[in-house]
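Q: Here's a structure for you.
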Ligand code: NAD
């Protein structure tokens, strides 16, 4: 039954992932909350999730490490018995010109959101196939469909996530499993706050001007998307009436990719 589903969300201690965790907790699901923070540092996020209901458990893993990505699904299955819904949300960002981007940052960005999605999908899929039901939701970005300067690793990663999503969707199209990407425009989260500061430094502008003229320049609505809007779509995709939505890259971007 929908309210008894087990949902793993990576990067769920903050921002979009936290909003998604709260949405599934409110629906009564068992929520496996993943983060890179220590148990102590994850306590405030866990309290917010517990505050809305459901059953939540915290799983620490550094997804830059392939072994920890590989193990995460098994650890969640050990605790909750299974995984019905996998949300690959963890992601990091670095703003730098391509010839100034440190190779370690390039590899870390790709490891945390693209490689880790491959590892978690690979680990979760056999059990979903056995049950003939599953939902995989990968949080890509408007940058999975469009580029911006100074974000080579991030844009490459997010395009890669869309490609991975489409391919896995085709591989399981005849089963009860769907695989989709959500492509948000700018959502006001800690990740975006860091970018505003980085861009302000790089472009020698003040932060308000960066928000208005740089960050929201590509977003025709001129409003940040709210994390709850992403969470609602993720929850919708897990419903049985969403069973024919698969292999899609769903934009929630205030019109960004309409241009
Ligand atoms: P955030 O910075 O608020 O949260 C990032 C999460 O990733 C945290 O829970 C953190 O624990 C986790 N994380 C960071 N490094 C990790 C590591 N090494 N291993 C494991 N987990 C790690 O970010 P957010 O803005 O909520 O973004 C969440 C996702 O949404 C990301 O994939 C991001 O690219 C994507 N996204 C964000 C926006 C936006 O405007 N905020 C827009 C489009 C897409």
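Q: How long is the stretch 1-125 along each principal axis, judged by its Cα atoms, biggest number first, in Å?
A: 50, 29, 23
Q: Let me ask you something else. Could you run the Debye sum over the Cα atoms of the stretch 167-223, one equal point scatterer each and no solvent, and tell me log10 of I(q)/I(0) at q = 0.14, 0.15, 0.25, 0.26 Å⁻¹, two decimals?
A: Cα-only, vacuum Debye calculation for the stretch 167-223: -0.53, -0.56, -0.97, -1.02.
Q: Let me ask something else about it. Gaussian network model of the chain, Cα springs within a sub-10 Å range: biggest mean-square fluctuation belongs to which of 178, 82, 165?
A: 82
Q: Can you tell me the mean projection area, over all orientations, of the convex hull of the stretch 60-201's alpha carbons? Units nm², please.
A: Average of the hull's projected areas for the stretch 60-201 equals 8.9 nm².
Q: Over all alpha-carbon pairs in the stretch 80-160, figure out the percentage whose distance exceeds 16 Å.
A: For the stretch 80-160, the fraction of Cα-Cα distances above 16 Å is 54 percent.
Q: Sorted from largest down, give the three principal axis spans of the alpha carbons of the stretch 46-103, whole angstrom values.
A: That gives 46, 27, 17 Å along the principal axes, largest extent first.
Q: To continue, here is another question. How high is the relative contact order of the stretch 2-253? Use alpha-carbon pairs under 8 Å, at least six apart in sequence, and give a whole percent.
A: Computed over the stretch 2-253, the figure is 20 percent.
Q: Of the candidates 15, 51, 160, which one comes out as most mobile in a Gaussian network treatment of the chain with C-alpha springs shorter than 10 Å?
A: 51
Q: A further question on this structure: What residue among 228, 100, 39 has the largest mean-square fluctuation in a Gaussian network model of the chain, using Cα springs under 10 Å?
A: The residue that fluctuates most here is 100.
Q: Would you kindly compute the Cα radius of gyration of the stretch 120-248 and its largest Cα-Cα separation (Dmax), both in Å?
A: For the stretch 120-248, the Cα radius of gyration and maximum Cα-Cα distance read 17.1, 55 Å.
Q: Continuing with the same structure: What FRET efficiency, computed as 1/(1 + (r/R0)^6) with R0 = 45 Å and r the Cβ-Cβ distance, is obtained for residue 57 and residue 192, rounded to the nearest 0.05?
A: Computed FRET efficiency for residue 57 and residue 192: 0.95.
Q: State, to one decimal in nm², a quarter of the convex hull surface area for the C-alpha atoms of the chain, i.e. the direction-averaged projected area.
A: Projected area, direction-averaged: 13.2 nm².
Quick note: the coordinates plus some simple rules give every number you see, no bench work behind them. Quick caveat: nothing in here was measured; it's all calculated off a predicted structure. For neighbour counting, all protein chains shown are included, and Cβ atoms are generated from backbone atoms with ideal geometry for every residue, glycine included.
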